[in-house]
Amino acid sequence: MRIAAIEDLHADAGWRTYSFLKVTTDDGIVGWSEYSENYGSAGLTGVIRAIAAQLVGVDPRPVEKITAMLYAQTRQAPGGVNAQAIAAIENALLDVKAKGLGVRVCELFGGPVRERLPLYWSHCGTYRVTYPELCGVPPVTSLDDVKALGREVRAKGYGSLKTNILRFDGGAAALHMPGFARGGEGPEINVDRGLTRAVDRLLGAFREGAGEDAGLHLDLNFNFRTEGYIRMARAIEDHDPTWVEIDLFEPDALAHIRRQVRTPIASGESLFGRRGFLPYLAAGAMDVAIVDVVWNGLAESLKIAAMADAYEINVAPHNFYGHLSTAISAHFSAAVPNFRIMEIDVDDCRWRDEFYLNPPVIRDGHLHLPTGPGWGVEVNEAAVRARSGRR
């Protein structure tokens with residue numbers, strides 16, 4: 001078996017682009033991965049093309065050997081788009097290898113620990129504030145709408161949800177995300193009493209709608225500095241959140257925050273590889289390690305999870321992409337013993353399902369691990385090409 005062709009495809013998904021890597025072998029096996037060039041990874045497709053060109057004619061099955069070689073070749077510029085490019089290639093090669101053997105990808109790593117994965121409804125309310133017309137869902141314009149959304153989460157069987165900072169105190173609903181330079185805020189990313197009150201009311205509305213037993217997660221992203229994270233986490237403690245998600249590139253600062261607050265801290269979605277996670281684990285900086293399997297590749301993600309396990313830390317995948325990425329994250333979640341919960345976007349562009357021949361099965365707030373070979377979710381190439389587009 002040899003790699004005959006490597007191709008990238010891109011589809012218009014409303015406010016973002018879905019990107020896919022297709023690896024075809026000389027005996028007709030097709031392996032897929034999904035990656036994201038959005039949110040700070042501009043140019044990733046060009047990096048994938050440059051790195052992958054040398055693999056045409058190569059046997060795709062020794063995946064560990066190939067990824068080790070690619071990491072060695074990019075050693076002087078680690079992380080970032082190089083790591084994401086290698087991850088996209090790795091994930092597609094794992095799909096090829098598993099399909100060639102007629103097994104699921106997780107079987108390559110000892111088989112699943114679990115077949116049914118609890119989910120939390122991610123970006124709950126966020127897309128209904130920012131893109132309701134593209135999602136085809138009712139807009140969220142008030143705290144009463146937040147309560148109604150909480151009731152919808154409960155009615156659809158989800159036991160947990162995660163929201164971003166949504167404000168309803170200035171007239172129109174607004175997403176507060178200065179850490180990503182959105183909304184016109186400056187680089188100082190400070191917190192004030194008005195903001196803590198707004199978030200307190202937001203979580204109170206979700207709690208009223210979703211119920212006392214619902215798991216509430218708050219994603220603070222990169223939106224504050226150390227002092228601001230402490231103030232915000234303390235302001236919402238009475239809502240008993242499952243975790244506060246914080247992104248920081250300073251492990252000692254995150255460890256300091258964790259010591260100052262009662263709410264568990266989840267972090268890591270922007271970290272690369274075992275070397276990226278090690279100082280955070282060694283500093284005792286997180287209660288849950290968030291691992292992006294699309295950015296790191298499944299094989300590397302499993303190594304991160306094994307390292308976290310040695311520090312008595314559970315892991316959860318960072319997953320806000322399309323259905324194939326959900327399947328990739330599901331194989332990670334199924335294979336590790338120290339799994340916490342899996343992220344999924346319920347709201348998305350209205351036509352998301354068109355891009356996949358067999359979207360994952362979700363019932364009662366749980367994802368059922370696909371049963372087909374490889375990832376178990378196949379890309380509808382014709383539909384992707386019909387909506388071809390890149391941003």
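Out of curiosity, is residue 316 farther than 16 Å from residue 271 by Cα, small (Gly, Ala, Ser), modelled with pLDDT of 95 or more and in contact with a Lys or Arg (Cβ under 8 Å, 6 or more places away or on another chain)?
no
Do we find that residue 344 is buried (at least 23 other Cβ atoms within 10 Å of the Cβ), within 17 Å of residue 91 (Cβ to Cβ) and modelled with pLDDT of 95 or more in this structure?
No; evaluated as a whole, the condition is false for this residue.
Does residue 329 fit the bill of being hydroxyl-bearing (Ser, Thr, Tyr), without any contact (Cβ under 8 Å) to a residue 40 or more places away in the chain and either crowded, with 22+ Cβ neighbours inside 10 Å or assigned by TED's automatic domain parsing to the domain that holds residue 364 (or both)?
yes
Results for (1) surrounded by fewer than 17 Cβ atoms within 10 Å (Cβ to Cβ); (2) more than 27 Å from residue 45 (Cα to Cα); (3) more than 20 Å from the chain's Cα centre (by Cα), shown as yes or no for each residue.
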position: 279; (1), (2), (3): yes, yes, yes
position: 294; (1), (2), (3): no, no, no
position: 302; (1), (2), (3): no, no, no
position: 313; (1), (2), (3): no, yes, no
position: 324; (1), (2), (3): no, no, no
position: 361; (1), (2), (3): yes, yes, no
position: 367; (1), (2), (3): no, yes, no
position: 389; (1), (2), (3): yes, no, yes
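With (1) crowded, with 24+ Cβ neighbours inside 10 Å; (2) in contact with a helix residue (DSSP H, G or I) (Cβ under 7 Å, 6 or more places away or on another chain); (3) under 21 Å from residue 176 (Cα atoms) as the list, and residue 239 as the residue in question, which single condition is left unmet?
The failed condition is (1).
Just one of the numbered conditions (1) in contact (Cβ under 8 Å) with a residue 24 or more places away in the chain; (2) surrounded by fewer than 23 Cβ atoms within 10 Å (Cβ to Cβ); (3) part of a loop (DSSP other than H, G, I, E, B); (4) of a type outside the set (S, T, N, Q) is not true of residue 182; which one?
Unmet for residue 182, out of (1) in contact (Cβ under 8 Å) with a residue 24 or more places away in the chain; (2) surrounded by fewer than 23 Cβ atoms within 10 Å (Cβ to Cβ); (3) part of a loop (DSSP other than H, G, I, E, B); (4) of a type outside the set (S, T, N, Q): (1).
When you scan segment 112-122, do you find a residue that is modelled with pLDDT of 95 or more, surrounded by 20 or more Cβ atoms within 10 Å (Cβ to Cβ) and not assigned by TED's automatic domain parsing to the domain that holds residue 371, even just one?
So far as segment 112-122 goes, no, none of its residues is modelled with pLDDT of 95 or more, surrounded by 20 or more Cβ atoms within 10 Å (Cβ to Cβ) and not assigned by TED's automatic domain parsing to the domain that holds residue 371.
Please list, ordered by residue number, the strands (runs of 3 or more DSSP E) wholly in segment 1-98 having 1 or more residues that are free of Cβ contacts under 8 Å to residues at least 40 places away in the same chain and farther than 19 Å from residue 296 by Cβ.
The strands (runs of 3 or more DSSP E) meeting that bar are 3-12, 17-25.
Kindly establish whether residue 361 is closer than 30 Å to residue 242 by Cβ and touching a residue at least 12 places away in the same chain (Cβ under 8 Å).
Taking the combined requirement at face value, the residue does not satisfy it.
Of the conditions (1) over 19 Å from residue 385 (Cα atoms); (2) surrounded by 14 or more Cβ atoms within 10 Å (Cβ to Cβ); (3) not β-branched (Val, Ile, Thr), residue 19 satisfies every one except a single condition; which number is it?
Against the list (1) over 19 Å from residue 385 (Cα atoms); (2) surrounded by 14 or more Cβ atoms within 10 Å (Cβ to Cβ); (3) not β-branched (Val, Ile, Thr), residue 19 comes up short only on (1).
Being over 16 Å from residue 221 (Cα atoms) and among the charged types (D, E, K, R) is the filter here; which residues of segment 163-177 pass it?
169
The values are calculated or read from the model by the stated rules, or taken from the named source; none is laboratory data. Quick caveat, the model's predicted, so the values are computed rather than measured. All Cβ positions, even for glycine, are placed from backbone atoms using ideal geometry, and neighbour counts span all protein chains on display.
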